[in-house]
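A.B. asks: First, the structure itself, so that you have it in front of you.
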Amino acid sequence: MFAFARERGFDSVAAEFYIEPFNEASSRFHARHGFAEVGTQWVADGKKRVSLQIAPVTTQ
């Protein structure tokens, strides 16, 4: 994904994962790949919340 973005001139990649209910494995994965939270959003009619994440492509 980072190589794809870099080849096309993008400077960042966006992703999201559940924080309510909390997805520990996804949280660790995103942190390991340089993602940082830029916000949160309730989804699924307010039943779940996601962490909105951004990572620079230069970290990969």
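What follows is calculated from the coordinates using simple rules that are stated; it is not laboratory data. Because the structure is a prediction, the values reported are computed rather than measured. Neighbour counts run over all protein chains shown; Cβ positions are idealised from the backbone, glycine included.
A.B. asks: Please verify whether residue 31 is touching a strand residue (DSSP E or B) at 6+ places or on another chain (Cβ under 8 Å), part of a helix (DSSP H, G or I) and either without any contact (Cβ under 8 Å) to a residue 40 or more places away in the chain or of a type in the set (Gly, Ala, Ser) (or both), treating the condition exactly as stated.
C.D. replies: no
A.B. asks: Whether any residue in segment 47-55 is touching a helix residue (DSSP H, G or I) at 6+ places or on another chain (Cβ under 8 Å) and in a loop (DSSP other than H, G, I, E, B) is what I want to check. Steps first, answer last, please.
C.D. replies: Step one: filter segment 47-55 for residues touching a helix residue (DSSP H, G or I) at 6+ places or on another chain (Cβ under 8 Å), giving 51, 53, 55.
Cutting the leftovers down to in a loop (DSSP other than H, G, I, E, B) gives us none.
Checked against the condition, which is being touching a helix residue (DSSP H, G or I) at 6+ places or on another chain (Cβ under 8 Å) and in a loop (DSSP other than H, G, I, E, B), segment 47-55 yields no hits at all.
A.B. asks: Looking only at segment 41-60, count every residue that is under 26 Å from residue 4 (Cα atoms) and surrounded by 13 or more Cβ atoms within 10 Å (Cβ to Cβ) and tell me the total. First the steps, then the outcome.
C.D. replies: The initial filter retains those residues of segment 41-60 that are under 26 Å from residue 4 (Cα atoms), namely 50-60.
From what's left, surrounded by 13 or more Cβ atoms within 10 Å (Cβ to Cβ): 50-57, 60.
Number satisfying all stated conditions: 9.
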